[in-house]
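The values are calculated or read from the model by the stated rules, or taken from the named source; none is laboratory data. The structure displayed is predicted, hence computed values, not measured ones. As a convention, Cβ positions derive from the backbone with ideal geometry for all residues, glycine included, and neighbour counts pool all protein chains shown. Ligands, DNA and RNA are stripped out before the accessible areas are found, and what is left, the full protein with its side chains, is counted by its heavy atoms. Shrake-Rupley method; radii C 1.70, N 1.55, O 1.52, S 1.80 Å.
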Amino acid sequence: MGVEAGTELLTVNGRELKDFLDWEFLTAEDELVIEAKQPDGETVIYEIERPEGEALGVELEPPRVRVCANRCEFCFIEGLPQGLRKNLYVRDDDYRLSFAYGNFATLSNMKERDIQRILEYRLSPLYVSVHATPWEARKKLLNNPKVPDILAQLRRLTEGGIQFHGQMVIVPGLNDAEVMEESLRDLWSFGDACLSVALVPVGVTQFSHLYNGRPMDAENASRILDAVHRWEARALAERGDRWVYGSDELYLLSNHPLPDAAHYGDFSQIENGVGAVASLRRRVRDGLDKLPRLDGRRIGVVTGTSMAPLMPELLDAISARTGATFVLLPMENSLFGPTTTTAGLLVGADIRRALADRHDLDIALIPAETINDAGLFLDDVSFIMLRETLPMPVYPSYDFVDVLSLEGSPEHAGRSAA
Ligand code: SF4
């Protein structure tokens, strides 16, 4: 209909558009009257009758993200070093992104009209950072005396038919004992409306200047896992699913074997590091048959220090199938410090350090999660530029199989993946 880039969409069927949610929901009708302001300032009305299900073909500007009103001691963003690109410091706490993308939100910046909207549009399920249900404990954890009562908020939402996944970041001394138990009891009382709960150990970087708590150690992690096991036994018996999950980090910290993929059902909290290792193991196992022979190849694999001990079992299986030799290169994180052990947070400088002098490798695989959509590592190094300087072809990979299986040729696969 000739809608130009830069057009401001004002109303749909007489209702004002505040953001992408309004657009998504109000344009679900097939008969639409859309009022818009063109880039030249002229207001136009589009009357549209569209065939059922056909997309309108309008691309919206990225939403202005709602920022967080809290100041959690354990906030990862507060633990970022200075000097990174600006958008990494945005502390989003946005129920709209919680619904649309599964980002966790604390709901602490929600107004009455937001609750009305969630109920009207049935934004379900939401992903909620609960951390603790006792109000005083939650105020302390979120470092915000004005935090609303999460139980009252969740009651209101769930009575209106909204379901949610919850997460609790566990901080030793703050919510690892009775507060954790009470919170789990409260969340359990929501019945089917609370779809799952993930317990995640606090993780701090060397720049986490707000953090006053104790670090998470093996003993603490084991105690939290005990609670996971107790509650999952109850949930399996009473509702037929596990309901509560420990993040992979909790198992690694407590030296407890990680469960297999069947444990995690539909992997509803995988973005939260819950079941990521099991999913990787499964993808490797299921992909082995797709792999070509790669006899004589030497393949470097860069990873973080927490994943390194889990890699040999996977790489040995791939090696047995392909004949390739794998060289594991576990790297400490030079930007966040040695306490940040996740492979996906390695930065360009770490990849360079790992590979710059490895003239013995035919190719190298790096964690694909280290690179954003613009091809940049967290330290703003460009993957394409870095790759040019390294002595072997380098390919971002999620699970090895993705790169090694394509067309039976690692070179070809790598070009596609890159
Ligand atoms: S809720 Fe806490 S952890 Fe999340 S962004 Fe805000 S301050 Fe950071």
Problem set entry | Sum of side-chain charges, ARG239 neighbourhood, beta-carbon under 12 Å (Lys, Arg +1; Asp, Glu -1) | -2
Problem set entry | Rg and Dmax of segment 287-418, Cα atoms only, in Å | 13.8, 39
Seminar exercise, completed: Per the C-alpha gyration tensor (a ≥ b ≥ c, the square roots of its eigenvalues), segment 1-147 is rounded if a/c is under 1.5, else prolate if a/b beats b/c, else oblate; here it's prolate
Exercise. Which far-off residues, 5 or more places away or on another chain, put their amide H under 5 Å from the one on GLY323, with H placed in the peptide plane?
Worked result: LEU294
For this session: Name the residue farthest towards the positive end of the dipole of segment 1-157 from the options GLN116, LEU97, ILE77, assuming +1 on Cβ of Lys and Arg, -1 on Cβ of Asp and Glu, about the Cα centre.
Result: ILE77
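Quote the relative contact order of segment 274-418 in percent (integer), defining contacts as alpha-carbon pairs under 8 Å separated by 6+ residues.
24
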Seminar exercise, completed: A correct Karplus calculation of ³J(HN,Hα) over segment 31-44, with 6.51 cos²θ - 1.76 cosθ + 1.60, θ = phi - 60°, whole Hz and x for Gly and Pro, returns 10, 10, 10, 10, 9, 9, 10, 6, x, 7, x, 7, 8, 10
Exercise. For the chain, what is the accessible area per residue in Å², given a 1.4 Å probe and the full set of protein chains?
Worked result: 48
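Using only the C-alpha atoms of segment 284-350, find the volume of their convex hull and express it per residue in Å³.
Values: hull volume 5.8 nm³, N = 67.
Normalising the Cα hull of segment 284-350 by residue number yields 87 Å³.
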Exercise. Share of Cα-Cα pairs in the chain beyond 40 Å, in percent?
Worked result: 28
Exercise. Leaving out ligands, DNA and RNA, what percent of the accessible area of the chain is carbon and sulfur, probe 1.4 Å?
Worked result: 50
For this session: Any cysteines in the chain with zero other Cys Cβ atoms under 4.7 Å from their Cβ? List them, or say none.
Result: CYS68, CYS194
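Is segment 215-306 rounded, prolate or oblate when judged by the Cα gyration tensor, a ≥ b ≥ c being the square roots of its eigenvalues, rounded requiring a/c under 1.5 and prolate requiring a/b larger than b/c? List each step's numbers first, then the result.
Working: a/c = 3.32, a/b = 1.63, b/c = 2.03.
Since a/c reaches 1.5 but b/c is at least a/b, the shape of segment 215-306 is classed as oblate.
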Exercise. Each residue of segment 362-374 in turn: what ³J(HN,Hα) in whole Hz from Karplus with 6.51, -1.76, 1.60 and θ = phi - 60°, glycine and Pro shown as x?
Worked result: 7, 8, 9, 10, 10, x, 5, 5, 6, 10, 8, 4, 8
Problem set entry | For GLY300, residues with placed amide H under 5 Å, excluding near neighbours | VAL327, ASP362, ILE363, ALA364, LEU365
For this session: Would you grab the residues whose amide H sits under 5 Å from the one on ALA198? Only those 5+ places off in sequence or on another chain, please, with H modelled 1.01 Å from N.
Result: GLY166, GLN167, MET168, TYR245
Exercise. Hey, what do the phi angles of segment 192-201 turn into as Karplus ³J(HN,Hα) couplings, whole Hz, using 6.51/-1.76/1.60 and θ = phi - 60°, x for Gly and Pro?
Worked result: 5, 5, 9, 6, 6, 9, 10, 9, 10, x
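What does the charge add up to near THR342, with Lys and Arg as +1, Asp and Glu as -1, over the other residues with Cβ less than 11 Å from its Cβ? List each step's numbers first, then the result.
Values: positive: none; negative: ASP248, GLU249, GLU369.
Charge balance near THR342 sits at -3.
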